[in-house]
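The values are calculated or read from the model by the stated rules, or taken from the named source; none is laboratory data. Just so it is clear, the structure is predicted and the values come from calculations on it, not from any experiment. Heads up, the Cβs are rebuilt from the backbone with ideal geometry, glycines too, and the neighbour counts pull from every protein chain shown. Keep in mind that these areas ignore ligands, DNA and RNA; they rest on the heavy atoms of the full protein, side chains included. Shrake-Rupley method; radii C 1.70, N 1.55, O 1.52, S 1.80 Å.
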Amino acid sequence: MRASISAPFVDTKADDLVWTLSHPLVEPLATRTVTVPGLEVELRVLGASHQVVLRPASDGGELVETVACLPGVPGGLPGNAEHPLPGVGDYRFDSVVESLPRAELARRVTEIHDETSDSPGGLLVAFPGDPLAITALHLTSGSEASLRWRTWHAYPQSDELVTTTTTLTL
C-alpha cells in the first residue's frame with residue numbers, strides 16, 4: 001500500500017535514528033494493520049520514521065518498536081540487538097546503514113516500491129519534495145511460530161539507505 005501524505009520531508013540523516021522498545025506511541029502519518037494468528041500488527045510511518053505495534057489477540061499489552069529521530073535522544077542504531085520478551089518469545093533487531101551513489105539509491109528505492117506497494121503486508125510513504133525520500137515497512141512473514149518485518153528509510157540529501165530487519169520468534 002502506498003500512502004499519500006502532505007507532511008514535508010524533514011532534513012535528517014541515518015545517524016539521527018534511535019531504536020527503542022519503550023517509546024510511547026506517536027501520531028502516525030500513515031498506518032496499515034495486518035492480522036496474523038494470535039496478533040494484530042500495526043505498521044506506522046511517522047514524520048520521523050516508523051513504529052511497529054504488536055497487539056496480542058488476548059489481553060496482554062503491546063510491543064512497540066520505534067526507529068525514529070527522537071528529540072533530546074542521541075542518535076545511533078545498533079547493528080543488532082536481542083531482547084527476550086517474557087511470555088511472548090525472542091526479539092531480534094538488525095540494522096544496516098548504506099551510503100550509496102544517487103543512481104544506486106534510486107534503483108533501490110524503485111525495488112522497495114515494487115516489493116511493498118501491492119503486498120498485503122506493505123506500507124510505503126513517499127515524502128513530498130524528493131521522490132527518493134521514503135519510509136517503507138513490510139511484514140514479510142507471520143505465523144504462529146514467528147514474525148518478520150523489514151523497514152527502509154531513504155535519505156536522499158545524504159544518499160543513505162537504512163534497512164532494518166526484525167524477527168520475533170514466538
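Quick notes
- Residue list for region 86-131, restricted to those being farther than 30 Å from R55 by Cα, assigned to a loop (DSSP other than H, G, I, E, B) and either open to solvent by less than 80 Å² (accessible area, probe 1.4 Å) or among the aliphatic types (A, V, I, L, M) (or both): L100, P128, D130
- Region 125-139 residues that are under 16 Å from T31 (Cβ atoms) and among the basic types (K, R), paired with ones that are buried (at least 21 other Cβ atoms within 10 Å of the Cβ) and modelled with pLDDT of 90 or more (beta carbon under 8 Å, 6 or more apart): none
- Of all the criteria given as (1) touching a residue at least 40 places away in the same chain (Cβ under 8 Å); (2) within 23 Å of P28 (Cα to Cα), the one not satisfied by R148 is (1).
- Cβ-Cβ under 7 Å pairs, at least 6 apart or on other chains, region 62-85 side over 21 Å from Y155 (Cβ atoms) and without any contact (Cβ under 8 Å) to a residue 12 or more places away in the chain, far side open to solvent by 30 Å² or more (accessible area, probe 1.4 Å) and not acidic (D, E): E62/R55; E82/R92
- Within region 35-76, strands (runs of 3 or more DSSP E) holding 3 or more residues that are open to solvent by 20 Å² or more (accessible area, probe 1.4 Å) and at negative phi: 39-46
- Scanning region 46-55 turns up at least one residue that is without any contact (Cβ under 8 Å) to a residue 60 or more places away in the chain and more than 16 Å from the chain's Cα centre (by Cα).
- Among the residues listed as E144, E160, the single one being over 18 Å from V64 (Cα atoms), open to solvent by 10 Å² or more (accessible area, probe 1.4 Å) and either among the basic types (K, R) or touching a Ser or Thr at 6+ places or on another chain (Cβ under 7 Å) (or both): E160
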